[in-house]
Structure formats: structure tokens, C-alpha cells
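Comments concern the structure below.
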Amino acid sequence: METQFIVLRVLLYTFLGILAYFIGSIPTAVWYGKAFHNVDVRTQGSMNAGATNTFRVLGAKAGSIVFLIDVFKGWTATTLANILYLDDVIWSYHVAEFKIIFGTLAVLGHIYPALSGFKGGKGVATSLGLGLCMFPAVALVCLVLFFVILAVSHYVSLGSIVSTLAFPLLMFTQEFKPDDPLLIGFGFFAFALVIYTHRKNIQRLLQGNENKIYLIPRNKS
């Protein structure tokens, strides 16, 4: 009986992990662009299947919709851990661990989507969804920081890198100290992942030829 319970529990872990990955793997930018604009964003702009390139290629409305859906993907996948807790499969002190696992699988699904040839976005919006689910106060501060940097510099990549680094650093302060220090470790892992996915952007930033995004379109006259 005990063996059967362990097998069923492992199967449930595996099923929810796969589900989390496929939630993240939904190629929002690609499907939205094709459905509403008859455009594959992977063939224009930076050729990236993410919200930033959607904003650049299809405009602010499309980019904002893709961004919000990608955030929701991360949030939804992360909350799958609650199913295990509500069904008494795990104890409450294990919920954070499974949230990080499922959320990370969603982020990896977004970066390497099985539903779109394993070529996706850079995972920032989906990571934000994970952060909003686990530590909304810190995630919201980081989101504000991102938009401040974007408004001043017009570099999405710079805003993404700095705000992602701010996530674990803020948790060292007394105001945002988490109950589970594991969250800090995850924050630095997320930062390392963002550095990896933005390695070409970092090169362009250093060379001074990174693409800019303007939240308010410039007057071309």
C-alpha cells in the first residue's frame, strides 16, 4: 500500500511538472501574431518569440497582451504546487519548493518551447509571473524598477537584467526578508538565467548598438 502511494505521488509530481513546462511552452507571441496580424514575429525584428519583439514588430497593444499572457503562464504554472498541498500530498513547508520547481519548468518551457520548435522568448515575463505568485511585494517593486529603467534608458534588456538582480538583493533587506531563504537562492538562479538568455543583448549594450524601445512613440516629423 505504501509503495502504491509513493508511485502515485511520483506520477502526480511528474504530471504536474510536465503540465507546468507545457503551460510555459505556449508560444504566445507566435500564435497571437499569426492569429491577429498574420505575422510570424520570429521572421522580423530581433527574430525573438517574446513580448519585446512583439512590441517592436506589432505595436504596443500586441506587445502588452503577449506580455500579460506570458506573465500569467508563469503564475499559473507556479500555482500548480497548491494542488499538491490541497490534496494533502505535500506538507505546507514544501509548497515553496514545488512552486519554484514548477515555475522554473514554465520559464524553461517559454525559453525552449516544445510547441514552437524549442525557440522561444527570454523568460523574463514568465519569471515575473513566478515572482508575483511567490513574493508579490518584491516582484512589484522589481516591475516598477524595470519600467523606470526602460523609461530612462529605452533598453528592455538593461531593465530586465537590473530588475531581475534586484529580486534576490531586495530579499536581504529587513522589509522584504522571506520566510524561506530558498527563495533568495532561486532569485540568483533566475538572474543567472536572464544573463544567459540576454548574452547577445549584453554584447550590444557594451558596444553601444543595442536596440531601443520607446514606450511613447517619438514624433517623426
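The values are calculated or read from the model by the stated rules, or taken from the named source; none is laboratory data. Small disclaimer: the values here were computed from a predicted structure and weren't measured. No Cβ is skipped: glycine too gets one built from the backbone with ideal geometry, and neighbour counts run over all protein chains shown.
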All conditions in (1) more than 28 Å from K119 (Cα to Cα); (2) surrounded by 11 or more Cβ atoms within 10 Å (Cβ to Cβ) are true of K200 except (1)
Residues in the stretch 115-140 that are assigned to a loop (DSSP other than H, G, I, E, B) and farther than 18 Å from I161 by Cβ total 5
Q.
Here is a check on your reading of the model: is I216 free of Cβ contacts under 8 Å to residues at least 60 places away in the same chain and either of a type in the set (D, E) or part of a loop (DSSP other than H, G, I, E, B) (or both)?
A. yes
From the option list G24, G17, single residue qualifying as small (G, A, S) and more than 17 Å from F67 (Cα to Cα) is G17
Residue hits (the stretch 57-67; touching a residue at least 40 places away in the same chain (Cβ under 8 Å) and surrounded by fewer than 20 Cβ atoms within 10 Å (Cβ to Cβ)) are A60
Log entry, pairs with first residue in the stretch 133-155 being of a type in the set (G, A, S), second being surrounded by fewer than 18 Cβ atoms within 10 Å (Cβ to Cβ) and not in a helix (DSSP H, G or I), beta carbons closer than 7 Å, six or more apart or on different chains, reads A137/F176; A151/L215
When V152 is run through (1) closer than 23 Å to Y214 by Cα; (2) of a type outside the set (S, T, N, Q); (3) touching a Leu at 6+ places or on another chain (Cβ under 9 Å), the failure sits at (3)
F146 meets each of (1) under 14 Å from the mean Cα position of the chain (by Cα); (2) assigned to a helix (DSSP H, G or I); (3) in the same structural domain as Y13 (by TED's automatic domain parsing) with one exception, condition (3)
From the option list V107, V7, single residue qualifying as of a type in the set (A, V, I, L, M) and at pLDDT 95 or above is V107
By residue number, the members of the stretch 176-209 that are assigned to a loop (DSSP other than H, G, I, E, B) and modelled with pLDDT under 95 are F176, K177, P178, D179, D180, P181, G208, N209
If you go through A62, A106, the only one that is among the aliphatic types (A, V, I, L, M), part of a helix (DSSP H, G or I) and closer than 22 Å to Y196 by Cβ is A106
request  = Within the stretch 93-110, identify whether any single residue is crowded, with 18+ Cβ neighbours inside 10 Å, under 25 Å from L16 (Cβ atoms) and among the polar types (S, T, N, Q), and answer yes or no.
outcome  = yes
**Study point:** Qualifying residue in the stretch 76-92 (condition: of a type outside the set (D, E), in contact (Cβ under 8 Å) with a residue 60 or more places away in the chain and not in a helix (DSSP H, G or I))
**Key:** yes
Quick check: anything in the stretch 171-184 buried (at least 23 other Cβ atoms within 10 Å of the Cβ) and either of a type in the set (D, E, K, R) or under 25 Å from L80 (Cβ atoms) (or both)?
no
>> Given the condition out of contact with any Pro (no Cβ under 8 Å at 6 or more places or on another chain), over 22 Å from T14 (Cβ atoms) and surrounded by 20 or more Cβ atoms within 10 Å (Cβ to Cβ), answer yes or no: does some residue in the stretch 78-90 qualify?
In response: no
